[in-house]
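Peer 1: Okay, handing you the structure first.
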There are 2 protein chains.
Amino acid sequence: MSSHSKKSQAGRFDSLEQEVYLNLWRTYDRLRSIEEEVFGPMGITSQQYNVLRLLAVHHPEPVPTLTIANRMISRAPDITRMLDKLEASSLIQRVRPSENRRMVLISITAGGLSLLGEIAEPLRQCHSKQLGHLNKKDLALLVGLLRDARKPHEQEKNTWS
Amino acid sequence: MSSHSKKSQAGRFDSLEQEVYLNLWRTYDRLRSIEEEVFGPMGITSQQYNVLRLLAVHHPEPVPTLTIANRMISRAPDITRMLDKLEASSLIQRVRPSENRRMVLISITAGGLSLLGEIAEPLRQCHSKQLGHLNKKDLALLVGLLRDARKPHEQEKNTWS
DNA sequence: TCAATATAGTTGTGCAAACAACTCTTGTCC
DNA sequence: GGACAAGAGTTGTTTGCACAACTATATTGA
């Protein structure tokens, strides 16, 4: 049996909804700090990692800049400068196609793919450290509840159904 | 009955742990953007709101700077400048007691209390918009799972058991 | 065909977060 | 009782995030 404490410590929160939100915030903050121990030494942020990951999935097809922005896990209004940094580190390439010069197509470089390879194992260990103490049933339950929680706040056709 | 989809879309994630973490991140990001619609127009951030809230709970007793930092929901290495801003807006006061001049004691002002009063109702509505679509059972379940998820990553004696 | 509109990114600016190095004060222990 | 360490904040600096205004390119429809 899973063993989540049932006590809600009434009084410390204005409402159950607020209690959920603050717990979500706190939990995200704790787990994020663990992930940063992996990304920091590699010289990238988790946002940047997610760009590289997305590009690797589509590789060798390039992906337009704003398509990347829309598929990010957290909002990325600053996608241009983020890609600037990745390009400066030679992890991605930009191409402006002559048939539609509005777009900028992004693709991951060999260096980018290599970096992903280096990160894979430490990152797997990190995820295990973050949440390995929960059993599969609770993990699956959590995924479902989180999805339900944000469902009304998702835009149209995003990748995060 | 609650109706969380059971499909985990295998293949999009490296592990169930990673899937949980990315869902946590995404969900936090969506809900946060809703909260910012409340705090933005009031001229404070949600971190600053939490400082004021904490001080209000202890009012009229003051609270030392680093005690505030340790009780924040997300880490606050920049507590000094955050308090600078709140002091500049006359929402808090600082006192350095002569019997121990290492500490700086912080207390909320009448203006700070008044701001909390103005925010209370819009914030309640915000929390309802964020999570009001979930039933009480799912909300309670979520609180428990989130607490379990971060439990091994909490320090000693913090307020976020 | 050309002005209006829509699309795709970029840049300017200001604010917030992170980490480390620093100052000031008090407690401790030969 | 004076060096040393610990405690409590502050400041410097760099980097990241957010919003809005802007440029450049393509489409469309009178």
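No lab work stands behind these numbers, since they all come straight from the coordinates. Just so we're clear, the structure is a prediction, and the values are computed from it rather than from any experiment. All Cβ positions, glycine included, derive from the backbone under ideal geometry; neighbour counts span all protein chains shown.
Peer 1: Under a crude label model (7 Å from the Cα following the beta-carbon direction), how far is residue B:45 from residue A:135 in nanometres?
Peer 2: Label at residue B:45, label at residue A:135, 4.0 nm between them.
Peer 1: On average, how many beta carbons from a partner chain sit within 10 Å of the beta carbon of a residue in B:134-141?
Peer 2: Counting other chains' Cβ atoms within 10 Å and averaging over B:134-141 gives 5.
Peer 1: On a 0 to 90 degree scale, rounded to 10, what angle separates helix A:16-42 from the longest Cα axis of chain A?
Peer 2: 40 degrees
Peer 1: Of B:131, A:111, B:44, which is farthest towards the positive pole of the protein assembly as shown's charge dipole, taken about the Cα centre with +1 and -1 on the beta-carbons of Lys, Arg and Asp, Glu respectively?
Peer 2: The residue sitting most towards the positive pole is B:131.
Peer 1: Something else: Beyond 34 Å, what share of the Cα-Cα pairs of the protein assembly as shown is found? Please give it as a whole percent. Spell out each step's value before the answer.
Peer 2: Numbers: 16593 of 51681 pairs.
Distances greater than 34 Å cover 32 percent of the Cα pairs.
Peer 1: Under a straight-distance cross-link criterion of Cα-Cα below 17 Å, which aspartates and glutamates are reachable from residue B:136, leaving out those fewer than 8 residues away in the same chain?
Peer 2: A:14, A:17, A:19, A:148
Peer 1: Measuring from label point to label point, each 7 Å out along Cα→Cβ, what is the residue A:14 to residue A:118 span in nm?
Peer 2: Once both label points are built, they end up 4.7 nm from each other.
Peer 1: Pull up all non-local amide H partners of residue A:109: gap of 5 or more, or a different chain, and H-to-H distance under 5 Å with H placed in the peptide plane.
Peer 2: Here A:92, A:93 satisfy the definition.
Peer 1: Right, another one. Compute the distribution of all C-alpha to C-alpha distances in segment B:81-120, in bins of 10 Å from 0, and list the percent of pairs in each, rounded to whole numbers.
Peer 2: All Cα pairs considered, the percentages come to 30, 45, 21, 4.
Peer 1: I've got another one for you. If you wrap a convex hull around the Cα atoms of segment A:33-91, how much volume per residue is inside, in Å³?
Peer 2: Looking at segment A:33-91, the number lands at 90 Å³ per residue.
Peer 1: So what's the angle, to the nearest 10 degrees on a 0 to 90 scale, between helix A:46-58 and the longest Cα principal axis of chain A?
Peer 2: Helix A:46-58 sits roughly 60 degrees off the main axis of chain A.
Peer 1: On C-alpha positions alone, give me the angle between the axis of helix B:136-150 and the longest principal axis of chain B, in degrees, nearest 10.
Peer 2: 70 degrees
Peer 1: Let me confirm one metric for peptide B:113-124, namely the mean number of other chain beta-carbon atoms within 10 Å of its residues' beta-carbons.
Peer 2: Other-chain Cβ atoms within 10 Å of each residue's Cβ, averaged: 1.
Peer 1: I need the P(r) histogram for chain A: all alpha carbon pairs, bin width 5 Å from 0 out to the longest distance, whole percents.
Peer 2: 1, 7, 13, 16, 17, 15, 12, 8, 5, 3, 1, 0, 0
Peer 1: Could you quickly flag the chain B residue whose beta carbon comes closest to the rotation axis taking B to A, and that distance in whole angstrom?
Peer 2: For the rotation taking chain B to chain A, the closest Cβ gives B:28, 2.
Peer 1: Are there trypsin sites (Lys or Arg not before Pro) in segment B:90-161 that DSSP marks as loop and that have at most 11 other Cβ atoms within 10 Å, and which are they?
Peer 2: B:101, B:102, B:157
Peer 1: Something else now. Given contacts defined as C-alpha pairs under 8 Å and at least six residues apart, what's the relative contact order of segment B:1-121, whole-number percent?
Peer 2: Details: 97 pairs, mean separation 26.8, N = 121.
About 22 percent, as a whole number.
Peer 1: Quote to one decimal, in nm, the extra length available between residue B:59 and residue B:88 on full extension: 0.36 nm per residue of separation minus the C-alpha distance between them.
Peer 2: Using 0.36 nm per residue and subtracting the Cα-Cα distance, I get 8.5 nm.
Peer 1: Provide the gained length on full extension for the span residue B:104 to residue B:33, in nm with one decimal, where the gain is 0.36 nm per separating residue minus the Cα-Cα distance.
Peer 2: Once the chain is fully extended between residue B:104 and residue B:33, it gains 22.3 nm.
Peer 1: What value, in deg cm²/dmol to 500, does the helix sum -39500 (n - 2.57) over DSSP H runs of n ≥ 4 give at 222 nm once divided by the residues of chain B?
Peer 2: -19500 deg cm²/dmol
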